[in-house]
Ligand SMILES: Cc1cc2nc3c(=O)[nH]c(=O)nc-3n(C[C@H](O)[C@H](O)[C@H](O)COP(=O)(O)OP(=O)(O)OC[C@H]3O[C@@H](n4cnc5c(N)ncnc54)[C@H](O)[C@@H]3O)c2cc1C
């Protein structure tokens with residue numbers, strides 16, 4: 001059994017979860033993060049039930065803190081802004097299928113903080129900040145990773161290297177692995193406000209998909225604030241000054257609810273939106289997880305959750321390779337089949353479709369969609385199936401069952 005560590009580039013949700021998985025299974029691990037501390041960016045805020053189940057199996061302390069800090073969402077809604085019609089999905093319908101029949105609204109940086117805090121209890125886990133991986137090469141029985149540090153460039157030896165670097169993965173590019181798909185022409189605008197939307201909309205759930213032929217939006221509550229995601233147009237995509245201006249943001253929010261005076265804005269960001277999957281999830285002794293191998297639009301909250309599922313799958317393969325002597329090429333090929341198929345067939349397909357339906361400007365399509373959602377929500381068996389799909393339980397099970 002090799003005692004060289006697994007080197008992981010990137011301490012985001014995928015990398016830090018994989019590191020904790022490896023450490024828990026007695027595998028030496030070095031987690032390298034390029035920033036001097038964990039990034040606090042407002043991106044993913046929804047944890048699906050299956051992700052919570054997996055985290056709970058791995059570490060009781062982490063899940064305990066997450067459940068305490070996060071906001072439990074028992075129902076989510078699809079609204080038609082013009083008619084006020086609402087389809088409400090009650091997640092207790094899947095209580096026989098998961099230990100966590102709810103969505104947990106919690107910032108993704110809370111997970112990375114907890115994972116990294118937990119890693120410190122393992123002597124065989126080494127977390128290093130201000131360590132930016134710049135490349136790697138294979139050597140006999142392992143890899144040599146080049147790392148830029150405040151004190152200059154160093155080389156570290158490992159048994160394997162994992163890129164959890166996010167969408168711009170340098171190791172993926174160095175390995176010549178294509179990132180197939182497309183980038184939408186428009187950007188998404190995300191703003192957060194402490195304004196209590198629950199007081200002005202009747203029966204307002206903490207997760208709302210609001211359809212409107214003129215401007216759809218997603219309204220989510222996190223543990224601290226309400227967050228609203230708006231589309232923008234391809235014509236304005238390069239005009240960041242306009243899209244991030246007070247006037248533009250206040251107008252969007254006032255369309256959602258026309259209150260007196262300005263909204264307090266706590267945070268504003270513009271994000272490019274992509275649909276891409278890596279051609280292959282490994283090469284030799286290098287493997288990819290999370291955004292390094294798949295990105296999608298955030299409608300449905302599947303990016304980070306998919307990355308967490310990758311981390312558990314890949315962690316299981318490392319356990320087989322390093323603790324039980326399985327062949328690494330076969331194990332990685334299995335990981336690739338299990339996780340790439342889900343990314344293409346399920347996550348990409350669902351998120352692309354979600355966006356098409358939300359943005360349709362045809363009132364007939366909008367009405368049909370709202371009717372379909374309301375009919376589904378009203379039928380407990382159909383609603384249960386709908387939720388199992390959207391909660392990523394079906395696709396996770398498919399991936400586990402893939403030979
Ligand atoms: C507006 C928005 C909302 C979203 N909402 C959701 C949601 O509700 N649910 C959901 O599931 N997903 C959501 N997502 C997607 C989610 O944010 C990403 O899928 C997730 O962050 C991916 O995690 P990751 O660990 O793979 O990569 P990242 O979060 O990008 O982390 C990469 C880490 O690697 C570090 N790094 C990069 N390069 C190097 C290097 N060379 N060496 C060392 N360190 C390096 C970075 O500093 C960073 O810490 C959303 C995304 C956006 C933009």
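Values in this text are rule-based calculations from the coordinates and carry no lab data. Worth saying up front: this structure is predicted, and the values here are computed from it rather than measured. Counting neighbours? That spans all protein chains shown, and the Cβs are built from the backbone with ideal geometry, glycine included.
Quick note on the chain: its Rg to Rh ratio, both from C-alpha atoms and Rh being the Kirkwood radius, is 0.98.
Counted by neighbouring Cβ atoms within 10 Å, the residues 229, 20 run from fewest to most as 229, 20. Working from Cα pairs under 8 Å separated by at least six residues, relative contact order for the range 250-333 is 22 percent. Only helical runs count toward this figure. For the chain, summing -39,500 (n - 2.57) over DSSP H runs of n ≥ 4 and dividing by all residues gives -11000 deg cm²/dmol at 222 nm. The length gained on full extension between residue 37 and residue 385, counted as 0.36 nm times the residue separation minus their Cα-Cα distance, comes to 121.2 nm.
Computed from the C-beta positions of residue 61 and residue 139 and an R0 of 35 Å, the FRET efficiency is 0.45 to the nearest 0.05.
Under 8 Å for C-alpha pairs, at least 6 residues apart: give me the relative contact order for the chain, rounded to a whole percent. So the answer I get is 21 percent. The range 294-366 and the range 11-82 have their alpha-carbon centroids 16 Å apart. Relative to the longest principal axis of the Cα atoms of the chain, the long axis of helix 363-378 lies at roughly 70 degrees.
Rounded to two decimals, the Cα-based Rg/Rh of the range 239-392, with Kirkwood Rh, is 1.10. Helix 246-256 axis versus longest C-alpha principal axis of the chain: approximately 60°, rounded to the nearest ten. Of 285, 252, the sequence from fewest to most neighbouring Cβ atoms within 10 angstrom is 252, 285. For a modelled paramagnetic label at residue 329, 7 Å from Cα along Cα-to-Cβ, the residues of the range 283-311 in reach, with backbone nitrogen under 19 Å, are 283-288. Between residue 344 and residue 180, the modelled labels are 0.5 nm apart [label points 7 Å from Cα along Cα→Cβ]. Restricting attention to the chain, close to 75% of DSSP beta bridges with both partner residues there are antiparallel. Taking every DSSP bridge with both residues inside the range 1-112, close to 70 percent are antiparallel.
Computed on the range 114-217, with alpha-carbon pairs under 8 angstrom and 6+ residues apart, the relative contact order is 13 percent. Neighbour counting of Cβ atoms within 10 Å sorts the residues 202, 33, 359, fewest neighbours leading, into 202, 359, 33. With the highest mean first, a sort of the peptides 330-336, 21-27 on other beta-carbon atoms found within 10 angstrom per residue produces 21-27, 330-336. At full extension, residue 364 and residue 157 could sit 68.5 nm farther apart than now, given 0.36 nm per residue minus the alpha carbon distance. When peptides 312-322, 155-165 are sorted by average Cβ neighbour count within 10 Å, with the highest value leading, the order is 155-165, 312-322. Scaled to the globular estimate 2.2 N^0.38 Å, the Cα spread of the range 134-238, given as radius of gyration, is 1.71. Given a Förster radius of 35 Å and the C-beta distance between residue 254 and residue 371 as r, what FRET efficiency does 1/(1 + (r/R0)^6) yield to the nearest 0.05? In this case the efficiency is close to 0.75. Angle between the Cα long axis of helix 60-69 and the longest principal axis of the chain, 0 to 90 degrees, nearest 10? Orientation of helix 60-69: about 30 degrees from the principal axis.
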